[in-house]
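The values are calculated or read from the model by the stated rules, or taken from the named source; none is laboratory data. The model shown is predicted, which means the values in this text are computed figures rather than measured ones. Cβ placement follows ideal geometry from the backbone for every residue including glycine, while neighbour counts extend to all protein chains displayed.
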Amino acid sequence: MKTKRTVKDKLHTLFFGKDLRVTEGEPYTEVREGDYSAYYPLERYIDFLQKSEGEVFDVRSFGADVSKSEKENTAAIQSAVDECSKRGGTVLVAGGCYTVTTVFLYSDVTLFIEKGSAICANTTGKGYMHNALIYACDCENICITGGGRLIGRGTFFGLRPVSENMLAPAPVIDVIRMRRDYRAQLRFAHRSKYGSILLTERCRNIKIHNIIFEDSPWWTYKMLMCDGVKITDSVIFNNRNVANSDGFDIAGSSNVEIDHCFISTADDGIVLKNAIWCGCEKEMSGISVRNCEVISRTNCFKIGTETTYDIHGVTVENCSFLMTDLYPGAVSGVSIETCDGARVYDIKIRGITMDRCTCPLFIRLCNRNRAAEVTSSTANKTEIVKADDNSKPADKSTFDGKSELYDVTVEDITAKDAELPVIVAGYKQKGRIKRCRNITLRNIDITYRDAVDIKDKRLFIPEYAREYPECWRFRNLPAYGVWARHCENLKVENFSCKGTRGTHRKEKIFIDCR
C-alpha cells in the first residue's frame, strides 16, 4: 500500500493523467449494485392515502391508456390539462404508468398522480420540447401532488462507465485517486439525453407536495426565474451514477422553500445557480432548506458554480447530508462558491449532520469568468448534446473580478468519516487579492475516517483562480482541520477534529488571513 506520492508519481499525473469522461458509445442500461441507494425511507416522506380535491379531469376520460403509445398518451393528458386550465381544478393520473413526451402545464392546474401511477418518459429521448418531460412557462398557481411518480428513465441516456461501482473504500485517502475512482463510475451523457423531469420557467406560486421524482437523466427539477416555490414532503430517487442528474436546481429564482424532502442522486442534491447562460437575469434571495436528507455523489447542498448575478438571504438548517453504500463519499456536504461575477452573502447554515462527505465545508471565491467563454447553448453541450446557436458570450470585462463572498455563518455541524479539512479560500490573480470576508465557523465537530492519508508534500498550493472550483482540486492539503487562505475576519469558534490520522499535518493552517 503506497502512502507517499513521489516526484515520479507527480510527473506522471501531470503529463499522463487523463480525465475519464466517456464521450462515445451506445446507451448503457444495465442497473448495477450500488446504482441506487439501499437506504430509501420512502414512507417517511410520502402519504400514499392522499385524495384529490375539487373538480377532477381524469386523463382516462380523455383517452389515456397505459397500453397506448407515448404520442396518444401525451395528446390525451394534454387535453385533460387544457380543459382543466379553462376553469381550474385537478388533472387526475390514475390506473398505472403512462409513457409520454413533453406535457405542458398551465395556470390554476393541479396535477395529481395517485399512488401506483406515474407519468413516464420514453427511452429514446425523442419528441421532447424545452428539454423537459413536464414544462410550464409564465404560469401561476400550479401544484403537483398525489403520492405518485414522475419517471425520467435516466438510466437509458448514459454511456458505459469505465469501471464497476466501488462498494468498499480505498485503502488510503488520496484525493487524486478519489476523483478518478468517482469519475470512472459515472454514466456520461449519450446524445439522446433529453433533459429534466420538470422545468418551470418564469412561474409564480408553485407547490410540489407529496410526489416522487424518479430516475432523472439531468437536473431533476429546474426552476428558472420563478418566484414563490414551495416543495414539501417529496422524494428524488435517482441512479447515483447518471452524470449531471442534480436534484433541485434553483436557478435565478427567489422565495423558494424546500422542507422535509429526501434526495438521492448523482450530482448536486440542492443547488443554487444564477448565471446569464442559464437564462437568469437578476439577483435571487429568500431561499430556505429545512429538514431534508440528501445523498449526493458530489455536493449535498451547493451555491454555484454558475453565478453571474447575486445570491443572498439563504438559510439551510436541520438537515442530514450523507453518502450510504458507494465510494468515494460525497465531494462535500456544503459548498458555497462564487466564481463568475456574483456577490454571495447573508448565508446561514446550521444544525447539519454529515456522514461520509469527504470535505464537510468548502467556501470558495475565485474568478473563472465563464460568461466570457460560453453561451446558453454551449455551456451544457457535454451534458445535453444539442446543436449550438448563434448567441455570443458576454464581454470579458462584464463580470471579470466582480465576485464577492461575505457574511457567511456555519454553525452546529457534526461530520463523521470526513477525509479533507474545511476549506475557505479567496484568490490571488495578476497581483490582485480578493478575500472571503466575515466568515464564522462555530460549533463544528468533525471525525475523520480511520485510514491512512497519502503524503503529498508540495512546495506551494496553486491558486486555481480560473479553474472550476471544487474541494478535490486542492488535493491532500497540509492541514486536517481547517485550511484557509486569503480571508478577512475569519472566525473559528469551538472547532473540534477527532480521528487517528493527521500525524504529519497541522490541525489548522491560515495563509494571508487577517
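A few notes on this one:
Here's the yes/no breakdown for (1) in contact with a Phe, Trp or Tyr (Cβ under 7 Å, 6 or more places away or on another chain); (2) over 27 Å from THR124 (Cβ atoms):
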site: VAL31; (1), (2): no, no
site: GLY34; (1), (2): no, no
site: LEU49; (1), (2): no, yes
site: ASP58; (1), (2): no, yes
site: VAL66; (1), (2): yes, no
site: THR99; (1), (2): no, no
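- Count - residues of segment 85-103 that are within 20 Å of ASP215 (Cα to Cα) and touching a Cys at 6+ places or on another chain (Cβ under 8 Å): 4
- If the condition is being of a type in the set (Ser, Thr, Tyr) and surrounded by 14 or more Cβ atoms within 10 Å (Cβ to Cβ), then segment 65-90 contributes THR74, SER79, SER85, THR90.
- Within segment 182-206, tally of residues that are on the phi < 0 side of the Ramachandran plot and assigned to a strand (DSSP E or B): 10
- Flag for SER377 being among the polar types (S, T, N, Q) and farther than 26 Å from ARG485 by Cα: yes
- Options GLY269, GLY304; residue that is within 20 Å of LEU199 (Cα to Cα), under 10 Å from the mean Cα position of the chain (by Cα), in contact (Cβ under 8 Å) with a residue 60 or more places away in the chain and surrounded by 19 or more Cβ atoms within 10 Å (Cβ to Cβ): GLY304
- Test set (1) modelled with pLDDT of 95 or more; (2) aromatic (Phe, Trp, Tyr); (3) not assigned by TED's automatic domain parsing to the domain that holds ASN165 - PHE62 fails condition number: (3)
- Residue in segment 445-466 that is at pLDDT 95 or above, surrounded by 20 or more Cβ atoms within 10 Å (Cβ to Cβ) and not hydrophobic (A, V, I, L, M, F, W, C) present: no
- Residue within segment 137-147 that is buried (at least 24 other Cβ atoms within 10 Å of the Cβ), under 22 Å from the mean Cα position of the chain (by Cα), touching a residue at least 40 places away in the same chain (Cβ under 8 Å) and over 18 Å from ASP82 (Cα atoms) present: no
- Residue in segment 432-443 that is exposed (fewer than 15 other Cβ atoms within 10 Å of the Cβ) and either touching a strand residue (DSSP E or B) at 6+ places or on another chain (Cβ under 7 Å) or of a type in the set (Val, Ile, Thr) (or both) present: yes
- Those residues of segment 387-411 which are among the aliphatic types (A, V, I, L, M), under 24 Å from VAL374 (Cα atoms) and in a strand (DSSP E or B), in sequence order: LEU405
- Taken over segment 42-64, the criterion of being surrounded by fewer than 11 Cβ atoms within 10 Å (Cβ to Cβ) and closer than 30 Å to ASN241 by Cβ is satisfied by GLU43 alone.
- Looking only at segment 225-283, and only at residues there that are assigned to a strand (DSSP E or B) and among the small types (Gly, Ala, Ser), the one that is farthest from GLY329 (Cα to Cα): GLY228
- Subset tally (residues that are modelled with pLDDT of 95 or more and either aromatic (Phe, Trp, Tyr) or under 18 Å from CYS359 (Cα atoms) (or both)) for segment 156-181: 2
- There is at least one residue in segment 316-332 that is touching a helix residue (DSSP H, G or I) at 6+ places or on another chain (Cβ under 8 Å), at pLDDT 95 or above and outside any strand (DSSP E or B).
- Count of segment 68-93 residues which are of a type in the set (Val, Ile, Thr) and touching a helix residue (DSSP H, G or I) at 6+ places or on another chain (Cβ under 8 Å): 4
- Every listed requirement among (1) farther than 30 Å from CYS278 by Cα; (2) within 23 Å of the chain's Cα centre (by Cα) is met by ILE352 save one, (1).
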